[in-house]
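Encoded as structure tokens, the structure appears first; notes follow it.
The values are calculated or read from the model by the stated rules, or taken from the named source; none is laboratory data. Bear in mind that the values here come from a model prediction, so they are computed numbers and not experimental data. Heads up, the Cβs are rebuilt from the backbone with ideal geometry, glycines too, and the neighbour counts pull from every protein chain shown. Accessible surface is based on the protein model in full, side chains and every heavy atom, while ligands, DNA and RNA are left aside. Shrake-Rupley method; radii C 1.70, N 1.55, O 1.52, S 1.80 Å.
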Amino acid sequence: MPSVSRLDVDVAAPLDDALPGAAATAIPSAPTGSGNGHGKASGTNLNGAVHGPGTAELGEHAIDEYRPMKVVCIGAGYSGIVAGIRFAQRIPNLDLTIYEKQEGVGGAWWANRYPYQLTFEENTQWSAFYAPGPEILAYLEGIVAKYKLMQYIRLRTELVHTQWDESLARWRLRLRRPRFAPDIIDGIPSASGPRAQDPPSPVDDEMEEFEDTADVLFMGTGTLSRWGWPDIPGLEEFGGKLVHSAQWDTAEGGWENTVKGWEDKTVGVIGLGSSAIQLVPALQRRVKRVVQFVRGKTWIAPPFSVDKMAELTSRKQEAGNYTFSEEERETFAKDPEYYRKFRHEIENDLNSVHGVSYRGSEMQKGAMALFKEIMTQKLAKKPWIAEYLIPSFSVSCRRLTPGPGYLESLCEDNVTFEPMPITRVTPTGIELQDGRTQPLDILVCATGFDTSYRPPFPVIGRNGLPLKTRWDAHAEAYLSLTVDGFPNMFFGLGPNAAVNSGVSARAARTRGRLCGRGDCEDAEGEDCECGGEEGRSGGLESTVYLDNCRSWYKNSAGRIIGLWPGSCLHAVRTLSNPRWEDFDYTPLERDRDSPAGRFAFLGSGWTLNEKTMTGDRAWYLDDVDIPPGAPFPATATHMNRLSVFGSMIMGTGPGIAATLLCRGRGVPSHLNESESGAKSASASGFGTNNGGGAGAFSAPIGDFAIDDYRRMKVVCIGAGYTGVVAGIRFAQRIPNLDLTIYEKEEEVGGTWWVNRYPGLACDVPSHCYQLTFEPNTNWSSFYVPGPEILTYIKSIVEKYKLMKYIQLRTELIHAQWDESKSRWHLRLRRPRFPQNGISNAGTNGHSPSASTGMPVHGEFEEFEDTADVLFMGTGSLNRWSWPDIPGLGSFSGKLLHSADWDKAEGGWEETVKDWKDKTVGVIGLGSSAIQLVTALQPRVKQVVQFARGKTWIAAPFAIQKLSELLSRDVNSQDFTFSEAEREAFAKDPELYDRFKHEVEHDMNSVFSISLRGSEMQSLATSVFKDNMRQKLAKKPWIAEYMIPSFAVCCRRITPGPGYLEALCEDNVTFETTHIDNVTATGITLKDGRTQPLDVLVCATGFDTSYGQRFPIIGRNGVPLSTRWASHAEAYLSLAIDGFPNLFLGLGPNAGVNSGSLIVMLERVVDYAVSATAKMQRERIASMEVKSAATRDWARYVEVRGFDALILLNTVYTDNCHSWYKNDDGRVIVLWPGSCLHAVRTLSNPRWEDFDYTPLDRGSLAGRFAWLGGGQTVNEVTMTGDRAWYLNDIDIPPVPTD
């Protein structure tokens, strides 16, 4: 006879490549995978399922059986390198190519050779505070080598044309490269050829063109890639050496070798930008004379963060660039904590000066005074230069550069500062407007780049529209990174991507998170600029960037196309949470006719690791968000927790710029907001400090910081498992929160408080029934008793101090959506307490427990409350009812329901201590009845179980894994943990983590048992049947009656340890004849027999129709009962169209038949919290799931007519009586797939499936009103951490091959 343990899955092999064990061996499954390295399986008869679990219409793919993605990146500079690392890290089944037109990687740092650092790739060996360009290039080359990016990079390959192919939903690319010798493949050396750092020479400078395609095209070219000669008459006639700063000669020893021999030369430098400012001091020491021809004025800033640098390195402040000593670099290398603090505080400092960009701000005024003073002081030897160089326009109108040594070099005798405009260039020099001539040997044009953002090659979008035409008036892109009409194309640093304070690479790296979302394009171009009509309103209107100065931030019409309309931190906040609803989507051609519509991607209902029975099937335990154990603040002024839960530098002051320029502190505006959190677009919040003044922010947009989050009122109904998790996660992740949890019972615990019947226990392994972030090493049993679970839940409530949010004995009796206020209006009932007693009233107070105060007997009071978000944590097992049996009310003995057992101080054992001479009837054959019979059998005279159907009794789940991990006898029926085992769990976290991980892995390995016709289903039927017959051998007739003809899992299975053995005892009667009626003394059966009873227990379950015990009224006055008149349904089990801002904890189709319900519960809470965070972050008054999205989900779930969908292939629709189904046979309880399938689905919310109503409905910025005034709270108030992004860095793994 087969062993019952054969349904377990052996995970003794490493979890990253676990092969099927006992279960998969005994229940033949699929091949173990294709081994293609991409996680993509082949074959259709996987896990023994007939045609797989899906259908031809729905697709047989697993939800995470990702299609191949062809990504092409143009450019191998900073953006392209980061893109290469992140695409390779985060996109499975990837085909990646990076085309770079230069001979080496590095982008601008390769192209520019004249006389930056990633968050995840630190460099402790910078030689100077302002690192030389060649050192930055070497840093980039080091990263390319470390992450083995040359396998993706094609050098000397230039894109010359690209066009969107609608029929293929791909970009077609035409590229040009040198023609190489036969040992060179695709423009890079073959394995036997020269190294990429020493590239081969092409054949006779011949070029060839070739074609490629891309699902996603990433433009990593940046803005500083197209230089041009200045438009000066006679330039081409110059007879000396003519050089452009962006096209400097290449030399083995760097730029220093290119200027050897210039000692007797007169060198002219045209320009006054960053390149010219760096060129002049570098050349001044190496040539006979430097003549700088300037075409305007500019501010020269003092070195950024100079006092912070001095403070951190214990140095005196220096006027020029700081070089790091060998000792300092060694300290950085040996003390990572010190180095990270140094870096963190420098970036914190750099992110403290955005206020300088606001017109009329105190910081702007201070900057002008300070810079003027410093420039005048440093130019004291040639004061006339100061008079000319110092501008009248504001600081930051054009790009600031600190220019260490520049002003000092202007005062040297061999430097001429020439402000007279140039008339023309002659063969021997330059002729000026006043008629003077300046002889030159060498002329350097440091005249910058074409910053129009127009690419040097045709980009043709949908309907043959060229990007040049789309940008005819000016360049613009949604959030700087994508353009409507050009699907699947993203810019690394597109229009309005640059930042004028902070670290520009940060925003670019954050931008990369938006790439790779299917076939998508920006839907509506009118909001592409984050709020700007003609570029003069919105986030830039009140800044100095629009002042009258010559700047590459602006185009020729004066429109700002270079800068982000806010600070660097503002950009990071904005880009960290993509608004997927702003895109339109086209599904893959193969999915366009799917009956599941937008949910075709959900596929066959399981994950790849389940389908192939390989890999880890408890991966969600590897990356658990552990909440802080300390109590959460009731409100949060500093809003860093949404992005990072790390440390905050409280009170860290700004460096030289902020110290000398800051003139006050702002006040967070949310402290004065109305109850609803809504504010008019013109409301004032921050006052006049920190760079603002009254005109610092544009009234039509709003004066709030982007993370000045409005107060959110969240009400949760129920304090069971779901409500407790909700309380923890809402408090952890939602700043400025007003949270109340209403619980109708006297205590927390939900179903584990309400249910206290004999034998109550968890019927899945206890280590699969705990919160992922709250492991318990002290469970007494593998199937833990109910009171122990209740104690566990109470301990969590105490640990996270949730009672300050919970109001006990308070029942919701009516909820209605108030459209005018975008809030839920709630009516609640609670006991009335004496005037001098303890009341349970009050916001975030909690009612006393039975031991701390007693209400006035039988008296109740009603009160009202409101909620921005209403979270229903009531679950499905909260409404019990008596069975509809004639005469039930006439029974004169003790009548009990399993869900309403008597309370006793000593637990259920005390309630049955006098039953030794009693005959007890138990009606039911579900989980409760099975546990009741087992518990009562040794404690009463006689148990009579009235069975109204048939059921499968499963072998204990994961018993072989338990036996294997704890070295036990596999046939043992003892499921308790010894003191020694619990102590080992507590003392050895690695042992415990492996134990719980492998048990959950095992539980997630049997989904295919639910698939009709699968071999696992067939074998389970055989194993369970043999097991039941063996254990019922003493009363074989019971087995013949109890063993069903319907499939295993058609109704919920339970292992029922000891139940079958109890049925075989002499004092247990298993009664299969149906009940006719109940009498005063017992039960009369349909065949006329009577059964006298002293006690009658109805274990007849719960109302699982999802009907609420109170009215819930949605939009337009529609009751939920009307919406659910035919059957209960909810989008992804958690949201209902017509009921905005309402989320269900365990709603219709949220149950799972394999795996952990707790994991499902946690993901649903995460989803609701994420939605709330989105509403708070983006100032959304209401969000409601679209009816079309709900319909698509319903089609995926239901079995209707000719729609052959997921549940059609499962056993759940077999002919059995099951609480999974409603009266019409529709499955309304179970998720249409595995637990892991649900986790994958819920982990990435589809925000595009919702409709939104904004708070700021009259804002000129439209959907981007929430971006506010262009800063973050910590910048406005000059408090908190302004480099928080460094606290939670995703460190990419380094490739090993």
Under the classification rounded if a/c is under 1.5, otherwise prolate if a/b is larger than b/c and oblate if not, where does the range 869-928 fall, given a ≥ b ≥ c as square roots of the Cα gyration tensor eigenvalues?
oblate
Yeah, the range 1216-1297 with a ≥ b ≥ c from its alpha-carbon gyration tensor (a/c under 1.5 is rounded, else prolate when a/b outruns b/c, oblate otherwise) is oblate
Of all GluC sites (Glu not before Pro) in the range 261-342, which ones are in loop regions per DSSP and have a Cβ with at most 13 other Cβ atoms within 10 Å?
Glu263
With just the Cα atoms defining each centre, how far is the range 987-1004 from the range 906-967? Give it in Å.
28
Determine the alpha carbon to alpha carbon distance for each of Lys713/Lys821; Lys894/Lys950; Lys799/Lys996; Lys288/Lys378 and list only those over 24 Å.
Lys894/Lys950
Be a star and scan the range 328-353 for residues whose amide nitrogen sits under 12 Å from the point 7 Å along the Cα-to-Cβ vector of Arg315.
328-329
Along the Cα→Cβ direction, 7 angstrom out, place labels at Ser795 and Asn1244. What is the inter-label distance in nm?
3.7
Quote the FRET efficiency, to the nearest 0.05, computed for Thr469 versus Glu862 with a Förster distance R0 of 60 Å and r equal to the Cβ-Cβ distance.
0.40
Taking square-rooted eigenvalues a ≥ b ≥ c of the alpha carbon gyration tensor, is the range 337-448 rounded, prolate or oblate, where a/c under 1.5 means rounded and, failing that, a/b exceeding b/c means prolate?
prolate
Got a number for carbon plus sulfur as a percent of the range 251-361's accessible area, 1.4 Å probe?
46
Rounded to the nearest Å, what's the spacing between the alpha carbon centres of the range 553-607 and the range 886-901? Just the number, please.
59
With R₀ set to 41 angstrom, the calculated FRET efficiency between the beta-carbons of Arg424 and Val160, to the nearest 0.05, is 0.75
Relative contact order for the range 954-1024: what is it in percent, counting Cα pairs under 8 Å that are at least 6 residues apart?
29
What's the center-to-center distance, using Cα atoms, between the range 716-737 and the range 344-402 in Å?
48
Using a probe of 1.4 angstrom, how much of the accessible area of the range 1037-1148 is carbon and sulfur, in percent?
50
Per residue, how much accessible surface does the range 1079-1159 expose to a 1.4 Å probe? Answer in Å², no decimals.
32
